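Novice: Next up is a structure, given as structure tokens.
The values are calculated or read from the model by the stated rules, or taken from the named source; none is laboratory data. All values derive from a computational prediction rather than experimental measurement. A quick note on method: Cβ atoms are made from the backbone with ideal geometry, for glycine too, and the neighbour counts reach across all protein chains shown. The area values use the complete protein model at the heavy-atom level, side chains included, leaving out ligands, DNA and RNA. Shrake-Rupley method; radii C 1.70, N 1.55, O 1.52, S 1.80 Å.
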Amino acid sequence: MHMHKSRWQTAARLAGCALFAMLSAAAGAQQEQRPNVVILATGGTIAGTAATATQVAGYTAAKVPVEQLIDAVPDLKKVANVKGEQLAQVASESMTNDVWLKLAKRINVLLAQPDVDGIVITHGTDTLEETAYFLNLVVKSRKPVVLVGAMRPSTAMSADGPFNIYNGVAVAASKESAGRGVLVSLNDQINSARDVTKVNTMTLDTFRAPDFGLVGYVVGAQPSFYRASTRKHTTDTEFDITNVETLPPVDIVYGYANMNRVPLDAFVAAGDKGIIHAGVGDGSLAAQVKPALIETRKKGVIIVRSSRTGGGPVVRNGEANDDELDFVVSDTLTPQKARILLMLALTKTNNTKEIQRMFYTY
Ligand code: SIN
């Protein structure tokens with residue numbers, strides 16, 4: 001009787017082990033089936049903390065580490081196998097060219113791995129559009145790359161960060177997102193890196209593409225796309241930052257009534273290789289500054305005429321005779337994105353005709 005019972009117990013134990021092994025294998029197989037998404041954290045309000053749940057201004061950005069951001073969204077596990085890396089921890093007003101190069105190089109290494117299906121970057125919203133456009137020009141993969149941020153710190157009563165991370169991972173995990181260039185996903189909306197800009201200092205719907213509109217929505221962990229930018233990106237660009245350690249210095253001179261040449265002269269004296277003139281209207285040149293721009297161009301510095309308006313093309317040979325002055329126009333790029341394209345252009349050429357071609361291509 002005793003022998004019989006212990007044999008039965010052993011059999012039950014073995015059956016239990018077999019069932020456990022089967023369940024683990026099934027769970028493992030399910031995990032393997034889910035896409036692998038890497039979250040690269042860079043800081044921002046999405047990783048910010050405030051003293052109280054109601055404080056949404058004057059908090060400290062870039063505090064919470066990536067593991068904590070992931071742990072705050074347990075549902076991520078249902079969408080993808082997620083790993084996190086802390087690439088930087090900055091408020092995005094302090095984003096630099098050096099962080100961009102480090103980020104782009106890391107993304108290119110990760111996306112070359114067969115076991116990485118997509119990338120999400122958590123980022124402050126203030127310069128998110130700039131990082132997105134830089135990556136749009138230098139990432140060498142068709143796999144999805146998605147930037148997410150938040151307008152409210154992680155401690156806020158209805159923080160937008162966790163849902164934005166969830167949606168961002170869903171967009172990065174979807175095959176639908178491949179080959180669309182770098183995407184920006186906040187507030188259930190998806191925008192293209194080239195066209196998106198932050199338009200509001202406070203509200204959650206701050207990311208807009210004023211000229212061309214959003215490219216899609218993400219609902220129920222599923223992105224839906226309605227249009228795509230026609231401009232070249234990622235694998236179709238001529239820019240390769242693999243061996244680039246620093247980017248050529250380019251700065252922005254802002255246009256306004258009664259503007260003067262002091263900032264322009266200071267930038268040129270500091271060694272800038274290019275200047276983005278964020279002019280009023282259609283990139284118009286103030287009479288008192290135009291001679292300084294002409295002198296600057298004669299010194300070999302590239303001048304790009306752009307507009308501070310936030311919408312519409314700057315027309316070549318419109319408000320200035322660009323052919324005669326040997327200037328470039330930014331087309332529909334904002335001044336901050338024109339700076340990025342000019343820096344990358346200058347890694348290849350100083351020829352203004354070539355640079356103008358790039359502004360009509362990207
Ligand atoms: C930042 O850009 O780092 C601060 C603001 C934000 O993320 O919304």
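Novice: All but one of (1) open to solvent by 10 Å² or more (accessible area, probe 1.4 Å); (2) among the hydrophobic types (A, V, I, L, M, F, W, C); (3) more than 16 Å from the ligand (Cβ to nearest atom) hold for Val171; state the number of the condition that does not hold.
Specialist: So the condition that Val171 fails would be (1).
Novice: Still on this structure, please answer the following. Specify which of the listed residues (Val182, Val219, Val268) is farther than 24 Å from Arg305 by Cα and in contact with a Ser or Thr (Cβ under 9 Å, 6 or more places away or on another chain). Walk me through it before giving the result.
Specialist: Values: Val219 fails: in contact with a Ser or Thr (Cβ under 9 Å, 6 or more places away or on another chain); Val268 fails: farther than 24 Å from Arg305 by Cα.
Just a single option satisfies the conditions, and that option is Val182.
Novice: Taking the residues in segment 228-247 that are closer than 18 Å to Lys105 by Cβ and of a type outside the set (Val, Ile, Thr) as candidates, determine which candidate is nearest to the chain's Cα centre (by Cα).
Specialist: His233
Novice: Return the only residue of Ala80, Ala57, Ala72, Ala104 being more than 19 Å from Ala170 (Cα to Cα), over 14 Å from the mean Cα position of the chain (by Cα) and either basic (Lys, Arg) or not assigned by TED's automatic domain parsing to the domain that holds Lys337 (or both). Explain how you work it out, then say what you get.
Specialist: Numbers: Ala80 fails: more than 19 Å from Ala170 (Cα to Cα); Ala72 fails: more than 19 Å from Ala170 (Cα to Cα); Ala104 fails: over 14 Å from the mean Cα position of the chain (by Cα).
Of Ala80, Ala57, Ala72, Ala104, the one residue that is more than 19 Å from Ala170 (Cα to Cα), over 14 Å from the mean Cα position of the chain (by Cα) and either basic (Lys, Arg) or not assigned by TED's automatic domain parsing to the domain that holds Lys337 (or both) is Ala57.
Novice: Quick one: would you say Ile121 is touching a residue at least 12 places away in the same chain (Cβ under 8 Å), within 22 Å of Asp160 (Cα to Cα), touching a strand residue (DSSP E or B) at 6+ places or on another chain (Cβ under 7 Å) and among the aliphatic types (A, V, I, L, M)?
Specialist: Answer is yes for this residue.
Novice: Could you check Asp126 against (1) within 16 Å of the ligand (Cβ to nearest atom); (2) of a type outside the set (Lys, Arg); (3) farther than 19 Å from Thr42 by Cβ; (4) open to solvent by 50 Å² or more (accessible area, probe 1.4 Å) and say which number it fails?
Specialist: Among (1) within 16 Å of the ligand (Cβ to nearest atom); (2) of a type outside the set (Lys, Arg); (3) farther than 19 Å from Thr42 by Cβ; (4) open to solvent by 50 Å² or more (accessible area, probe 1.4 Å), the lone unmet condition for Asp126 is (3).
Novice: Still on this structure: Out of Val244, Val218, Val253, I need the residue that is within 22 Å of Arg142 (Cα to Cα), assigned to a strand (DSSP E or B) and at pLDDT 95 or above. Which one?
Specialist: Val218
Novice: Considering only residues that are part of a strand (DSSP E or B) and within 16 Å of the ligand (Cβ to nearest atom), look in segment 70-110 and name the one that is farthest from Leu128 (Cα to Cα).
Specialist: Of everything passing the filter in segment 70-110, Gln86 is farthest from Leu128 (Cα to Cα).
Novice: Something else: Would you confirm whether any residue within segment 46-69 is open to solvent by less than 50 Å² (accessible area, probe 1.4 Å), within 16 Å of the ligand (Cβ to nearest atom) and part of a strand (DSSP E or B)?
Specialist: Checked against the condition, which is being open to solvent by less than 50 Å² (accessible area, probe 1.4 Å), within 16 Å of the ligand (Cβ to nearest atom) and part of a strand (DSSP E or B), segment 46-69 yields at least one hit.
Novice: Go through (1) more than 20 Å from Ala172 (Cβ to Cβ); (2) surrounded by fewer than 17 Cβ atoms within 10 Å (Cβ to Cβ) and name the single condition Ala112 misses.
Specialist: (1)
Novice: In addition: Checking the conditions here, which among Asn317, Asn350 is on the phi > 0 side of the Ramachandran plot, among the polar types (S, T, N, Q) and either open to solvent by 10 Å² or more (accessible area, probe 1.4 Å) or at pLDDT 95 or above (or both)?
Specialist: Asn317
Novice: State yes or no: is Val268 in contact with a helix residue (DSSP H, G or I) (Cβ under 7 Å, 6 or more places away or on another chain) and not assigned by TED's automatic domain parsing to the domain that holds Lys337? Reasoning before the result, please.
Specialist: Working: in contact with a helix residue (DSSP H, G or I) (Cβ under 7 Å, 6 or more places away or on another chain): yes; not assigned by TED's automatic domain parsing to the domain that holds Lys337: no.
Taking the combined requirement at face value, the residue does not satisfy it.
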